[in-house]
Amino acid sequence: MGDQPTYGFEGFEEYILHGEPDKKQKAANWSIAIGLQAVDGLHTSEYLRQTAIKNIEGEITGEEVKKLIKTYYTSKTVRTDDDNITEEADKVSANISSLLNEPTFAFTYAGLLAVHRRIFNGVFSFAGQIRTQNITKKEWVLDGETVRYVSALDLKEAIEYDLDEERKYNYNGLSSTETIKHLSKFVANLWQIHPFREGNTRTTAIFTVKYLQSMGFNFDNSVFAANSWYFRNALVRANFQNLQKGISYAPEYLEKFFRNLLLGEENDLKNRYLHIRWKSVHTPPSTPPSTPPSTPPSTPTSTPTSTPTSTPTSLGKKNKITTDNENVIRLVNALGNQEMNVKEMMLAVNLKDRKNFVEYSLEPAIKTGYVRMLYPESPRHPRQKYLLTVKGQMLFNMKKN
């Protein structure tokens, strides 16, 4: 009997809920790494789950995980069809887990290509290389139609333009709803470029996770892990319109996903509601059916072989902008849209003891993602100042209103 498939945070709940900080983070990273395989109809093996637990427990390193996975498949004397599916999923999951465990991130064209290369190293010969041909993909949620992706001739320019526009964007003064709408639009636009032959959604997801973390969001990855197929279908709906059929761009589905991820809401993330004919064919009952209205044709890039759950999990309830730490709230309100050095911040919150201010206000604000350094690569920079992250700005605006 072959290995049983595993999805998302299955088997890692105890670590995520009650584990030590290091184990909790590793478990969360494995959770999203495994869960994302569903976007391409893949599932991981039981061997990977057992190996991942050894990594979470600190018995083996991420590099040792990769070597064990490689040996596991090369040593097989008899291969089944399921092995061909799980091999890619296992190797990619191990690569993603290692990537998420690293604090580094480059919000650049080269950085996006590096994410693809790191994810699919040892899996695709074209890892990290942009495609040279135009592509189409039949989508179940579109009744077999395709999103119009960017031409192969314009990929680099399109990526650089989107990243540059996002880099210049000012989040100051935005409400949580406005911030979510903008982030959803940016991610949808980046995905629509589809620069790689395969693996675009998984690359977009990990690039997005790293970007959000750089903005101060320290969310629970289980929302991604449990709803990866929904995430892909929401990206599709945000990038498709057919006015002759009365179908407009529908970013609201992706916005619901990010509201769950970043604000801790519990919007119902059901794949069947994303189908373009759902409203015209169905009047959603009080208890919707458990299966989609139809089964998609053979489109492995859009439909997982085993549909993962789309019900928001209790593991995602910690993804909130608010905090109960009054010292952090006071510092966030004092900073607002300004940049301040330590002396200026202490004056603004009416504190005189530098050691206590740093220990009980500044460090917790940085650790929880509300405040960042102006020069993070040089903590002792003579002109070092501090400012709010996007997460901090969202909290500031919530308190202000």
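The values are calculated or read from the model by the stated rules, or taken from the named source; none is laboratory data. This is a predicted model, so every value here is computed, not measured. Please note: Cβ atoms are built from the backbone with ideal geometry, for glycine as well, and neighbour counts cover all protein chains shown. The accessibility values were calculated without ligands, DNA or RNA, using every heavy atom of the protein model including side chains. Shrake-Rupley method; radii C 1.70, N 1.55, O 1.52, S 1.80 Å.
Would a scan of region 308-327 turn up a residue that is in a helix (DSSP H, G or I), hydrophobic (A, V, I, L, M, F, W, C) and either modelled with pLDDT of 50 or more or under 15 Å from Gly369 (Cα atoms) (or both)?
Initially, region 308-327 is screened for residues in a helix (DSSP H, G or I), giving 314-316, 326-327.
Imposing the further condition that a residue be hydrophobic (A, V, I, L, M, F, W, C) reduces the set to 315.
Applying the additional criterion that residues be either modelled with pLDDT of 50 or more or under 15 Å from Gly369 (Cα atoms) (or both) yields none.
No, the conditions are met nowhere in region 308-327.
When you look at Glu178, is it within 21 Å of the chain's Cα centre (by Cα) and surrounded by fewer than 19 Cβ atoms within 10 Å (Cβ to Cβ), yes or no?
Details: within 21 Å of the chain's Cα centre (by Cα): yes; surrounded by fewer than 19 Cβ atoms within 10 Å (Cβ to Cβ): yes.
Yes, satisfied.
If we keep just the residues of region 76-104 that are open to solvent by 20 Å² or more (accessible area, probe 1.4 Å) and of a type in the set (A, V, I, L, M, F, W, C), which is farthest from Val115 (Cα to Cα)?
Once the filter is applied, the top-ranked residue is Val78.
Taking Tyr171 as meeting all but one of (1) without any contact (Cβ under 8 Å) to a residue 40 or more places away in the chain; (2) among the aromatic types (Phe, Trp, Tyr); (3) surrounded by 17 or more Cβ atoms within 10 Å (Cβ to Cβ), write down the number of the exception.
Every condition holds for Tyr171 apart from (1).
For Lys185, work out the one condition from (1) assigned to a helix (DSSP H, G or I); (2) open to solvent by less than 30 Å² (accessible area, probe 1.4 Å); (3) over 16 Å from Leu112 (Cβ atoms) it doesn't fulfil.
It is condition (2) that Lys185 fails.
Return only the number of the condition from (1) free of Cβ contacts under 8 Å to residues at least 60 places away in the same chain; (2) in contact with a Phe, Trp or Tyr (Cβ under 8 Å, 6 or more places away or on another chain); (3) open to solvent by 10 Å² or more (accessible area, probe 1.4 Å); (4) farther than 27 Å from Gly392 by Cα that Tyr253 does not satisfy.
Status for Tyr253: all satisfied but (4).
Under 7 Å by Cβ, and 6 or more places apart or on different chains, what pairs join a residue from region 42-70 that is β-branched (Val, Ile, Thr) with one that is part of a helix (DSSP H, G or I) and open to solvent by 50 Å² or more (accessible area, probe 1.4 Å)?
Thr51/Leu68; Ile60/Lys54
Which one is surrounded by the fewest Cβ atoms within 10 Å (Cβ to Cβ), of the residues in region 345-379 that are touching a residue at least 12 places away in the same chain (Cβ under 8 Å) and basic (Lys, Arg)?
Arg354
Any idea how many residues of region 362-372 are in contact with a helix residue (DSSP H, G or I) (Cβ under 9 Å, 6 or more places away or on another chain), closer than 15 Å to Phe217 by Cα and either among the aliphatic types (A, V, I, L, M) or in a loop (DSSP other than H, G, I, E, B) (or both)?
Start the filter on region 362-372 by keeping residues that are in contact with a helix residue (DSSP H, G or I) (Cβ under 9 Å, 6 or more places away or on another chain), which leaves 362, 364-365, 368-372.
Then drop every residue that is not closer than 15 Å to Phe217 by Cα, which leaves 364-365, 368-372.
So of that shortlist, the ones also either among the aliphatic types (A, V, I, L, M) or in a loop (DSSP other than H, G, I, E, B) (or both) come out as 365, 368-371.
Number satisfying all stated conditions: 5.
May I ask you to list the residues in region 139-156 that are under 24 Å from the mean Cα position of the chain (by Cα) and not hydroxyl-bearing (Ser, Thr, Tyr)? Working first, answer last.
First, pick out the residues of region 139-156 that are under 24 Å from the mean Cα position of the chain (by Cα): 139-142, 146-150, 155-156.
Matches in region 139-156: Glu139, Trp140, Val141, Leu142, Val147, Arg148, Val150, Leu155, Lys156.
Within the group Val123, Val65, Val78, which residue is part of a helix (DSSP H, G or I) and out of contact with any strand residue (DSSP E or B) (no Cβ under 8 Å at 6 or more places or on another chain)?
Exactly one of Val123, Val65, Val78 is part of a helix (DSSP H, G or I) and out of contact with any strand residue (DSSP E or B) (no Cβ under 8 Å at 6 or more places or on another chain), namely Val65.
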